[in-house]
Every structure is written in structure tokens, then in C-alpha cells.
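As C-alpha cells, the structure follows; a few thoughts come after it.
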Amino acid sequence: MSIDLSQFYEVFIDESYEGLEIMESELLHLEPGDVDSEIINTIFRAAHSIKGGSGTFGFMAIADFTHVVETLLDQIRNGERELESLHIDLLLKSIDCLRGMLNAIQNDEPQESEEAESLRQQFQTILDGSTQKASQMEEKVVDSATVEQIEPGSVDSIWQIHFAPLPHLFRTGNEPLFIFEDLAALGDVTITAELDSIPGLSELHPEDSYLSWLIGLDTKADESAIKEVFEWVEDDATISYKLIAQIDDLNQLNAEDYEQDPEPLDSNSNVEPMVASAQAEKSSKSEISVKTMTKSKLTDGASAKVDSSSIRVGTDKVDSLINMVGELVITQAMLNELGEAEEFNQEKLLALREGLAQLSHNTRDLQESVMRIRMLPINFVFSRFPRLVRDISQKLDKKVEIKMLGEQTELDKTVMEKLSDPMVHLVRNSLDHGLEPPEERIAAGKNEIGTVTLNAYHQGGNIIIEIIDDGRGLNTSKIRDKAVTNGLIHADDELSDSEINELIFQPGFSTADEVSDLSGRGVGMDVVKRNINALNGTVDVDSSPGKGSTFTIRLPLTLAILDGQLVTLGSNVYIIPLVSIVESLQIEMNKVNSVGGGLDVLRLRDEYIPILRLYELFNHHDAQKKLDNGLLVVVESDNEKVGLLVDDLLAQQQFVIKSLEANYKKVDGISGATILGDGSVSLIVDISGLIQLAGLKKAGRQGLDFNKPLSEAV
Amino acid sequence: MKKILAVDDSASMRQMVCFTLKKAGFAVTEAKDGQEAFDIAKASQFDVVISDVNMPIMDGITLVQNLRTLPDFKFTPILMLTTESGTDKKTEGKAAGATGWIVKPFNPDQLLAVINKVAR
Amino acid sequence: MTSQESQQLNLVEEPSSEQAECVQYLTFMMAEEEYGIEILAVQEIRGWEPMTVIPNSPAFVKGVLNLRGTVVPVVDLRLRFQLSTVDYSEVTVVVIVKVCIEEAEKIMGIVVDAVSDVYNLDKGVVTRAPDVGETTNKPFIEGLIQVSDKMVVLLDLEKILDF
């Protein structure tokens, strides 16, 4: 029977990636000289699993590579070798290498590479250094394991074997029957039982073995094959082998009395030739030119996990889904029954309405449940950072530790995948520019070890991710100067410090004088902001000179669905995200004040809400222009409240967000589009975009500018 | 139908072993570590046990020792999955009471040959 | 004969030589002129339907429509060419095309008066572009080609839709 092993590949690859993550995060907890056996054992087991699986499923390059890694780890956990920082570095590099190899399998590319071979040799050198014997032993075993088949020899041998199991044999689960069957497979057997050792009934222990056997074997198999049959019971029996005769091809009888001691298979004599052949193999391998992997991640240090097309889902989420579908089926049956009614009356109409409400409820629940399937803990993204921080801080000669909070906070898988790069950039930026070298920190009275903190939590319908460092903070005056040089602001513009700091997100802005290898590669903060905006999110910075900086990323929990309020503006229908709506009201004219420049504000309780005339911003001249004829929808964005003047409110419902940018481009004041029930397209407003469009907010400014006339903006 | 208990912390290995043995007509129960296997064993009988050595919580060697204390498992064939570099593991396993071993990596046919031998 | 000679003759027939670069074009009418676009770009042809306006967009962007769940912007070609506009009628047509703008594939629509025909044309025999409407329209035009007894203006869609 042949079994297709490829059905298990994906599981193997997934669990190997996980194993590598575990190895990496545990390795980062180790210091040279550490003897924490639990950690080392965990790392060893992970490597061991990968080696075992890769060998079983035929990924020999990975198996060979992991073999040396595992061997080193084994020595360390046995106490045979002390853990040095060289080992930790090599092991970390090997993890990257293995990630690359797994990736290669997924992409159908060759697994071998120069890096892998070079790394493997580095391991080998270390291993060869002090334990020559051990590695030789391994090679011997590797090769001897394959010597299982009976040599199709031409020499017919006749053996006499005496097999006397020790009393406890059965307690090993072994059975003489297995042995006899195996011997029978090698040739012709005659078996004679010896009953002389059986004690009297009163002394007989039913679980003990008292029999022994004399076996005659006529076989073409060689000695090692015969001994292999007894391999499992070597220690549990007394065995003697006698070669009685050998008949070779020419039918010549060679009578030799060849007796051997019953000792375990000693093939030390076989070591030399086998080692030689194994080594010959290895040297020829390195002469073969190897293709370099197309994705080399060794120098980068960043984990290169390819977006896998599968998701692990907790069974609780699946159970919840199943329940919901069950309820949906019930509702459907009920509605179906109603639909089959002969006649319709008021009672049935009421039942129909109820059924539809139930359907709406079910659908919503189901939808939420399905969304949750795609939600994963942010730890998947956070987990790459300890390694990143370690590698970069080493490169920069800075001492940095990383703290992570809220790793279990969940967010949509796609959002998370797209969040990874911007976060990496922000963290690199903190390490590169924010955190000071140890001497500077000490001089400033700080702990010489700087801290980068990643914090994630839910707030409303959003997830907030903070990247906090306790470094020197943003250099506001340098930013200001650069902004003036680049024409982003005028030299005499008055801006608050935080407004200046926000300028770093403007395109074409970079204060990296030297092109540092890490952050100054032309991938500026503006790209970070753009990437996050593309996820319908926002990014801000808050900084304290000498104390540190905090970058805050706000993202909606899911990309695809939005709860919205339909509003009309003349003949146009727009959607306002429900989560931003504070309240909707009719304007009381006596509460409206004009603050000059054409801007009106509404006094609402103890606040002043600027009134944005949407029809003006959007140039829809068939809409209501009089304040008391329309409705004001008070919305909030980035802690700013404004009122949007619309004609009327229509329904509130859920919408599937469609991209306007995909086929068109970014439109100021619009965040996306959706398809309404009648098939027409409706645009979704972007509150902060509208505020900017109204000129109430200059790029980077915080707090609304009531002095800017509206007419200048449009 | 013969019952087999398969123990390995690697999901892909368990899948492969299970699939191979089930296809050959065995009833297979899985466990992902020694402790889980032992808990299962305390409650059921099996014709063969096949277990990896390196596992968290309770490793293979300890599992064998513990199994042999159970009356139902005194004579049950218990096979260890070892890798080539584990000659000492083989000895340890035997000392603990294991019946024999299967060397990793192995292919489905090799697995079946051994299982068929001991499952009588 | 050389391509130069054939250009002078303004002769275009079904290309006989294997070296001819033969491309299929979809042609349509606009202000009584016949224009052609490579048919490979054409996804489908729809009748005109009311569209959702995009605020603060150029006049030639009529709005967006729903193409089986995808939001697609539609450009009025007359306005893009700064020609006079006409009221849309039952034969007014929206041609949905796929173009590459700024290294991204986009699906857009163009409003034309009516669809005309499909021709196999030899690109090797395209003459230089004349002035259609304003001179600013020049980059939109790949060139002229003679088909039977009329001239067809070949358009560069990607330039037209890159704005």
C-alpha cells in the first residue's frame, strides 16, 4: 500500500514554523552559561520534532540541517557542552535559515542554499572540535540504519542459534513468536524447544519465561541481518550464534566452526569505511553548485513567514458558529412555513415581521462569529520584535529591552499582516533615533538599559497599539528646521510642539542626515502613515524631550464592515460611520454664533461645535443650504467634535466597505464606498478628512483653527 | 479490530501514523504527550502502544515505566520512536520496559511492518 | 514595399506579411469621429446608467457605478477631450476597460456615444496623430489608421485614464 505523504505536508510546515517561533523566543531568554534545563529541553524538543518530521516526509535538506542543530542542543542539555553566546547566535541564524527552507518548500523552490550549507558547516566545526567520536558514532548509526535489507547474497549459510530468554522477557512485551517469524522470513527454520528449565508447578510463575529454543536456520542473509532479528531482546536473553556451514555459488562446502559471544551488535569495526563514505558524500555535495535562495533572510534577521493561506481556529469559535447556523436554519424553516401559507392575514404579517427580525438577528450574530474567526491575537505580530530588538540593539551598541503588553488582544488577520511592516519601522525608528547609547543614558540619569514597550488594547470599535520608548524624544527644533527647508511650513508659522512633531508624517520628510542602514532608507514615516491610513486607521506621535516618545496606531477592528447612517445631500446619498456619531439634532438658530470668516458654530451645552456645510465641501448645490432646514449630525474624530450639515437622515444599517481607491484614487473627505440595497454606490465620509478639507485643521495641527476662513479651503 | 495508542507531540507525525494504521484496519487513539497517553491508558486497553521519546510533560521513557505498572499493560508491546542518534535512548527504553523501537525517519510501510509483527 | 511607402499610400489591408503587428481594436463613435481602443483592454460593454457623483472630481469624471460589487469610476470621453457634450440616450454606452495606471491594474469605464465595430489592424501602419480638439489631447492619441474608406483614431487608454 502506498500512502501519499503530501497530505501531511501543510500540517508539518505549520507546526515547524510554530516550533521555530518557540525555539526563537526561548533562545532569547537564554544567557551564555545558562543551565536552565527546562528552556533548553523545550528548544531541543522543537528542533527534534522538526528533524523527525522532515526526515519522515522526505525533506532531507531540512533533516540534515536540523540534525547538526539538534546535536549541538543535545550536547548542551546533557551538560557535555557549555552554552556560549556564539552558540546562541548560530542557533538564531539557523532558525532564520530553517524558516527560509520551509518557505522554499511552500514556494516549490529548492531548499538547499549556500547559507544553509555554510551554517551547517559552522555547526559541524563546533561539533567536530571537541567531540570527534560522537559525530563519528552518529554517522555510523545513520548508515547502519539503512542496512536492513537482506543482502541478495549468493552464499547460503547454515546457522545454529541458541535462544534462551531470561525470565522477564514477556514483561517487555516481546514474544519469541515475533523472533521466529522474523527468522522464518530470512530462510528455512527448524525450531526445537528445550523444556528442561521448567520448574515444578508450585514454583511456576505464569508470567515468566522458562523455555529456550535451539534454532536451525538456512539462509542467504548475512550475519547482521540475523542479529538484527534479535536486536530487541539482546539484553533480555542469552543468545549464541554458530555458523555451521557455508555454501557458496560454486557449491563448495566451507565447514567452519564460527562461534561468537552473545554480545550486543558491535559494529565499531565498521565505523571507518562508513565514515569514509559518508564524508566522501559530503564533500561531493559541497562541490555541487547550489542555488542561492531567492529570499535570503539571514542578514535581515526579520522573520520571513509567508502569509499562509490557512488559519488555526479555536474549537470554541467553531462551536459558536455551528450554534448560530443552527438558529439560522430554524428561522429559515419558520419563514419558509409562513411563505407557504395559503392566505396572508394580519397575524401572519406580524409573524413574518418577527421572523425577519429574528433573521436579521441571526445574520448579525453569524457575521460577528465569522469575523471572529479571522481574528487572531496580536501576539503573532508582537512575537517578531524581541528578536528584532535584540539584533538591532546589538548592531547599534545600545542596551535595550522590550516589554509587551496586551499580546492577547485580537484583531483581523489581514489587518495584522499589514500592520507588521509599519510597526517594524516605528520600532526601528525608536531604536535608531529615539534610544540613546548607554553612556548618554547614564549621563542623563537614566538606566543604561532603554525600554521599548508595545501595548495593545481595544477601545470602542478599534484596536489601539502603542509603541513607547523612554529615549530622548523627538527633536522638535530639528524637525521644524527641516520642515521649513522642505517647504512644508513657513519660517514664521506658529505651530505648537505637537503640531511640529506630526510633520514627520508628511511625505518627503526625513531627518536622517546619514543614511543609516536601518531607518533612513527612504522609507519614511509618511509611508508608515499611508499604510496605516490604508487600513482605515490613524497614527499619531506624542513626545517629551529627554523622556521618550509614544507612537499610537488606531485601527478599526475589521476592515470590511461598517455600521453607518445614511444621509442625503440633495440628490446624493452619503454614509456617516455610526461609531463617530455623537448625536443628531435640529439646529436652534439662537444657539448659532458666527465666528468670522464664514464659519458658524453651534453652542451645544458647554461646547462649541463648528458647523461644516457638507454641500459646500462636496459642491452639491441642490442640497439644503439653510441651517434651520437641514439636520446637524455631530460627529467626533481624533477627539475633535464637528457638526455635519445634511438634508435628512435615512436608515441606519450595516454596510460592506468597498474600496474607492482601488480603481480610482483617494478622495479628500471620503474613506470608501459601499453598495446600497438598490445596487447603487454610496460614498462613506471620512470625518478627519472633512475637517481638513474645511481648512479647520492644517496638516499636523491639533485643535481646530477657528480663524481659517472656509472659502480658502474649497 | 486491534487497538493502537499512538503518542507524539508532533501533529504531523500523529496524522501520518494514524492515517497509515487506520488504513491498514487498526483502531487508533492519539495522545500528544506522555501524560495524556497515560491517562488514556488507565481507562482503556490497547494491543500496541507506539510512542515518541521526546515529549513535554511526560516523556516516552517515563511513559513506558508508568505503563508497565498498569496490570493491562504488563505484556503489551510498546514501541519507541527513536532517532538514530539515540543509542542510549534505546537502552534507556529497554531498561524502562519497552518492547522495541522504530527508527526515525520511517516511512508508512516500515511502520506497518513492525506493527503487524507485534500486533499478532 | 517598405513601411514608409505604404504609409504614403495610406493603404491598409488585412496584413499579409508575417511581420505585421496585428491587433484587434474595438471602435466607437464620439462626435462623429471613429475612435479605436485595443480590445484586449475591454472587459465589457454596458448601457449607460445613473452614477454616484464623486465630490470635487474633475468634470470628465461622471461618477462611480457598481460593477457586480466593485466600485468603478467612469470617465466621459467627450469631456476628457474637451469636446461639447450631448445628452445621454439609449445608445449611449459605457465601455468597461482594464488599464494599468501607476503600476496598478484598475477597472474603469468610459462613456462613448455608441459602439461601432471590431477590426484587425496592423499597428505598423499607423500615421502620426492629428490634432483632435485641443492640442492637449495629443498624448491621448496613438495615431491614425485608415480602415476601408475612413480614418480611425487610435487612442492610448492609459494616458486618457491617468489623471
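The values are calculated or read from the model by the stated rules, or taken from the named source; none is laboratory data. On a predicted model such as this, the values are computed, not experimentally measured, just so you know. With ideal geometry, Cβ positions are generated from the backbone for all residues, glycine too; neighbour counts draw on all protein chains shown.
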Among the residues of the range B:52-70, is any more than 7 Å from chain A (Cβ to nearest Cβ) and at positive phi?
-> yes
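Just the residues that are part of a loop (DSSP other than H, G, I, E, B) and more than 15 Å from residue A:574 (Cβ to Cβ), please, taken from the range A:624-637.
A:625, A:626
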Please determine, by comparing only the residues of the range A:29-56 that are within 13 Å of chain B (Cβ to nearest Cβ) and of a type in the set (D, E, K, R), which one is nearest to residue B:7 (Cα to Cα).
-> A:45
Matching residues in the range B:107-120 (crowded, with 20+ Cβ neighbours inside 10 Å, among the hydrophobic types (A, V, I, L, M, F, W, C) and facing chain A (nearest Cβ under 8 Å)) number 1
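Quick check: is even one residue across the range C:76-88 among the small types (Gly, Ala, Ser) and more than 10 Å from every other protein chain (Cβ to nearest Cβ)? Lay out the reasoning, then the answer.
To start, the set of residues in the range C:76-88 that are among the small types (Gly, Ala, Ser) comprises C:84.
Then keep just the ones that are more than 10 Å from every other protein chain (Cβ to nearest Cβ); that gives C:84.
Looking through the range C:76-88, at least one residue is among the small types (Gly, Ala, Ser) and more than 10 Å from every other protein chain (Cβ to nearest Cβ).
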Residues that are under 16 Å from residue A:622 (Cβ atoms) and more than 7 Å from chain A (Cβ to nearest Cβ), drawn from the range C:52-66 = C:63
Determine whether the range A:436-446 contains at least one residue that is at negative phi and at pLDDT below 85.
-> no
Can you spot a residue in the range B:28-50 that is of a type outside the set (S, T, N, Q), touching a Pro at 6+ places or on another chain (Cβ under 9 Å), within 11 Å of chain A (Cβ to nearest Cβ) and crowded, with 23+ Cβ neighbours inside 10 Å?
-> yes
Go through the range B:71-89 and give me each residue that's surrounded by fewer than 21 Cβ atoms within 10 Å (Cβ to Cβ), over 22 Å from residue B:21 (Cβ atoms) and at the interface with another protein chain (Cβ under 9 Å from one of its Cβ atoms).
-> B:74, B:84, B:85, B:87
Can we say residue A:420 is over 30 Å from residue A:556 (Cβ atoms), free of Cβ contacts under 8 Å to residues at least 40 places away in the same chain and of a type in the set (Ser, Thr, Tyr)?
-> no
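Within the bounds of the range C:79-88, is there any residue that is within 21 Å of residue A:667 (Cα to Cα), assigned to a loop (DSSP other than H, G, I, E, B) and either at pLDDT 85 or above or of a type in the set (Asp, Glu) (or both)?
no
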The one condition residue A:289 fails out of (1) surrounded by 11 or more Cβ atoms within 10 Å (Cβ to Cβ); (2) modelled with pLDDT under 50 is (1)
Can you name the residue in the range A:642-661 that is farther than 16 Å from residue A:693 by Cβ and surrounded by 19 or more Cβ atoms within 10 Å (Cβ to Cβ) and, of all such residues, is nearest to the other protein chains (Cβ to nearest Cβ)?
-> A:658
Boolean, residue A:71 is within 11 Å of another protein chain (Cβ to nearest Cβ) and among the hydroxyl-bearing types (Ser, Thr, Tyr) = yes
Would you please name the residue that is surrounded by the most Cβ atoms within 10 Å (Cβ to Cβ), looking only at residues in the range A:669-690 that are at the interface with chain C (Cβ under 7 Å from one of its Cβ atoms) and at pLDDT below 90?
-> A:675
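Filter the range A:29-39 down to the residues that are assigned to a helix (DSSP H, G or I) and among the charged types (D, E, K, R) and list them by number.
So in the range A:29-39, the residues assigned to a helix (DSSP H, G or I) come out as A:37-39.
The one that is assigned to a helix (DSSP H, G or I) and among the charged types (D, E, K, R): A:38.
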Does the range A:1-28 hold any residues that are more than 7 Å from chain B (Cβ to nearest Cβ), part of a loop (DSSP other than H, G, I, E, B) and either in contact with a helix residue (DSSP H, G or I) (Cβ under 6 Å, 6 or more places away or on another chain) or buried (at least 20 other Cβ atoms within 10 Å of the Cβ) (or both), and which are they?
-> A:28
Among residues of the range A:469-487, those that are over 30 Å from residue A:450 (Cβ atoms) and part of a loop (DSSP other than H, G, I, E, B), counted | 1
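Restricting the range A:417-433 to residues that are closer than 20 Å to residue A:475 by Cα and under 27 Å from the mean Cα position of the chain (by Cα), which is surrounded by the most Cβ atoms within 10 Å (Cβ to Cβ)? Before the answer, list the steps.
Residues of the range A:417-433 closer than 20 Å to residue A:475 by Cα: A:425-433.
Now restrict to residues that are under 27 Å from the mean Cα position of the chain (by Cα): A:425-432.
Working: A:425: 21, A:426: 25, A:427: 24, A:428: 20, A:429: 23, A:430: 27, A:431: 25, A:432: 19.
My answer is A:430.
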When you scan the range A:527-623 for strands (runs of 3 or more DSSP E) that lie fully inside it, which ones turn up with 1 or more residues that are hydrophobic (A, V, I, L, M, F, W, C) and either free of Cβ contacts under 8 Å to residues at least 60 places away in the same chain or loosely packed, with under 15 Cβ neighbours inside 10 Å (or both)?
-> A:581-586, A:592-594, A:600-604, A:607-613
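Scan A:606, A:600, A:542 and give me the residue that is under 33 Å from the mean Cα position of the chain (by Cα) and more than 14 Å from chain C (Cβ to nearest Cβ). Steps first, please.
Details: A:606 fails: under 33 Å from the mean Cα position of the chain (by Cα); A:600 fails: under 33 Å from the mean Cα position of the chain (by Cα).
Answer to the check: A:542.
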Here are A:346, A:394: which of them is surrounded by fewer than 17 Cβ atoms within 10 Å (Cβ to Cβ) and either touching a strand residue (DSSP E or B) at 6+ places or on another chain (Cβ under 6 Å) or in the same structural domain as residue A:504 (by TED's automatic domain parsing) (or both)?
-> A:394
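Residue by residue, here is whether (1) within 12 Å of chain B (Cβ to nearest Cβ); (2) at pLDDT below 85; (3) in a helix (DSSP H, G or I) holds:
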position: A:128; (1), (2), (3): no, yes, yes
position: A:133; (1), (2), (3): no, yes, yes
position: A:145; (1), (2), (3): yes, yes, yes
position: A:150; (1), (2), (3): no, yes, no
position: A:202; (1), (2), (3): no, yes, yes
position: A:208; (1), (2), (3): yes, yes, no
position: A:234; (1), (2), (3): yes, yes, yes
